[in-house]
Amino acid sequence: MTSTNAATVSIVVIAYNDAGLVGEAVTSALAQGPVVAEVLAVDDASSDDTARVLDELAASHPKVRVLHRTENSGGCGTPRNDGIAASTAPYVLFLDSDDVLPPGAADALVSAAREHKTPVTVGACVRRELPQYQDVPWVPGLYTAGDVIEHPAERPELVRDTLCVNKLYERAFLDEHSIRFPDGRFRYEDFVFTARVMAADPRVAVIDDLVYVWHVRRGAAQVSISLDRKDVGNWRSRIEAHRTASRVLAESSPELGRACQVKFLEYDLRMYLREIGRDPEYQAAWWTLTRDYLAGFADADIEAAGAHARWIVRVLRATATPPADIARLARFAAEPPRLEPPYATDPDGLPVWSEELPVELDRLAELPIAALPVTIDARAAGAATLRLRVRDLYGRLAAAGPRTARPLFVPRSGGEPVRGEPVELRPAADGDGWVCDVPFRLTTLAEAGRRQGRRGMQAWGVQIGVECADGSSLVTSPRPLDDLLRRRALPSSRYGVLLAQPYRTAGGSLAIRLAPGAAGALSFVRNRLGRARAKAALKSG
C-alpha cells in the first residue's frame, strides 16, 4: 500500500563499534519510505570502521546524516539525546545499530498518531534469537490493538514495557516536558526515559503492526548490556535505573509508582535470581545488594506482588547470607516456577519455605491449581518412554484429584506444539505423588518437526499438562533427572540416524535437541561450537 504520509519522522540510529551490523539497521530505516524525513546516525566515537561505514551511507543517501561524537559517552542515552537535538521532523523513532525496523513500521505508527492525535504511539516488538530466528513477543498481552489510552495512570501495568524503541514520539511533546535520556555511563537508560514519558501523562495509541525487531545475539563476542549479566555490576545498574524510574513515576502517580515496584519484584528480581549461577562470591554480593535494596520497599508494595515474588522477597529478608538451598530458590524463580521438595511446615502446620528458613508461604491455599508451582520429575524408563512423577504440594493437588498427564513438545524456535496423548496417573507406590509412563518417541517428534518445515537441528521444550477430577488443570515444565540427560544415537528409517540430546535449561526444565541425518548432525556440531565460543567469550570478558 502506498504511503500518504509526508516526510514526518526522524529516525535516530545509535552505533558504537558495530561496523558489521549498522549498515543493515540504517538500510531498514531508509526502507521505511517517504514518511522518513531523515536518518540521524550517531557514532559514539567508535574505534572500528563504524564511522567510515556511516559516512559511505550518507554519501549515497541524502536522507542520512551522520553525527560524529569525539568522545565515547559510555552509554546509549547521550547519543540518543544528540539525535533528538539534531532532529528536524515532527516525530522521532529510535533504532539500535544491531536491530532493524520491519517494512512499514514508521508509516503505520505515524498514521495512528495522526488519526488519534497522540504524542506517543506504540506497536508490537519481537526479540529475535539469532541465528535460530526464534521470535519471542515482547510483553505479550499488555496492549490491545486499537486502544487509545487517555491516561497511563489508568493502566498502571504499562510500566512493564520499558522499551523506548517500539514507540513513536512527538518531538514537541518531548521538548515540552524536557524528556531526555540519562547521560553518560548509565545502563538501562530506557527505563528512566520511558518513566519520564509515562509520568508526563500522554495519550497513547496502540497498533498491532510489528514495528521493531530486537536482535538477540547470545553468541556475540560483545553481548548487549541486557545480556551481559555475568557480574554484579549489571544488577547494581539495573537497580539504580529502577530506583530512578520508580521515583519519577511515584511523583507523578501513586498507582504507577506501585506498579513499577511490583514489576521489579515479579520480573527483574526473578530474572536475575534464576541466573544467579554457582559462584559463591557473586551469590554473596548479589544477595547483599538485593536485600539492601528491598529493605526500602513498602510492605504494601510487596503485598501487591504475586505469591511467588512475595515468597522470594521473604526468603531474601530472612537471612543475611545466601541459604544452602539457593539453587532451589533460583529454580523457583524460573518461568514456570517450580517449588521442589522437601516441603516443610511450621509447628502450626502452615507451609514454610524450609525447616532452616521457616518463611510462611502465605495464601498458598488461595492459589488456583493452574498457578501452583508444582514439580514434575522426569526420568528415562526405556528407550522410548518417559517416567513422570507429579509431586503433591501441601495437599493442594490431592484435593483436586490428578487424573491424566499429557506431554507437549514446544518448538523453541516458535511455531505449533506437538501434543502427545493423555496418560492415566496412578498413586505412587511410596505415597509420594502420582506416576505414569508417557511415550518419548524422539524419531516421531523429529518427523513431526520436518513436516512443519524444520530442517537441520531441532530444539524442543517439554511441558506436561495435568488434568484433575475437579475440572482444574495445570501446565508446567518437568525437571529432568540425571539419568535422562544422556546423548542418544537412534536408528531411523527416514534419516539413517537421529542424534538426540535431552538437556536441562538454565531454569532447570527439560528440553531436547534433535539432529536428523547428516545435515542435522552438522547443525548440532555447529550449535555446540557456537555455545562453547559464547561461554569462552563470557569467561574471558
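A few remarks follow.
- Listed candidates (1) 154, 19, 13; (2) 49, 33, 18; (3) 42, 30, 22 - label of the one calculated as semi-axes √(5λ) of the Cα gyration tensor in Å: (3)
- Based on DSSP H segments of at least four residues, each scored -39500 (n - 2.57), the chain has a per-residue ellipticity at 222 nm of -9500 deg cm²/dmol.
- Cα-based Rg of region 100-209 normalised by 2.2 N^0.38 Å, two decimals: 1.08
- Surface composition of the chain: carbon plus sulfur atoms hold 51% of the accessible area, using a 1.4 angstrom probe and ignoring ligands, DNA and RNA.
- Accessible surface computed residue by residue for the chain, with neighbouring protein chains in place and a 1.4 Å probe, gives 44 Å² per residue.
- Exposure rule at most 16 other beta-carbon atoms within 10 Å, DSSP loop GluC sites (Glu not before Pro): the chain longest free segment: 357-541
- Taking every Cα-Cα distance in region 215-369 and sorting them into 10 Å bins starting at zero, the pair-distance distribution P(r) comes out as 10, 37, 35, 16, 2, 0 percent.
- Proportion of all alpha-carbon pairs of region 72-112 beyond 13 Å (%): 64 percent
- Dimensionless Rg over Rh [region 263-305; C-alpha; Kirkwood]: 1.02
- Overall Cα dimensions of region 1-50, principal axis frame, Å, largest first: 41, 16, 9
- Residue 371-residue 117 FRET efficiency (beta carbon distance; Förster radius 51 Å; 0.05 resolution): 0.80
The values are calculated or read from the model by the stated rules, or taken from the named source; none is laboratory data. All values reported here derive from a predicted model rather than from experimental measurement. We place every Cβ from the backbone using ideal geometry, glycine too, and count neighbours over all the protein chains shown. SASA here: full protein model, heavy atoms, side chains in, ligands and nucleic acids out. Shrake-Rupley method; radii C 1.70, N 1.55, O 1.52, S 1.80 Å.
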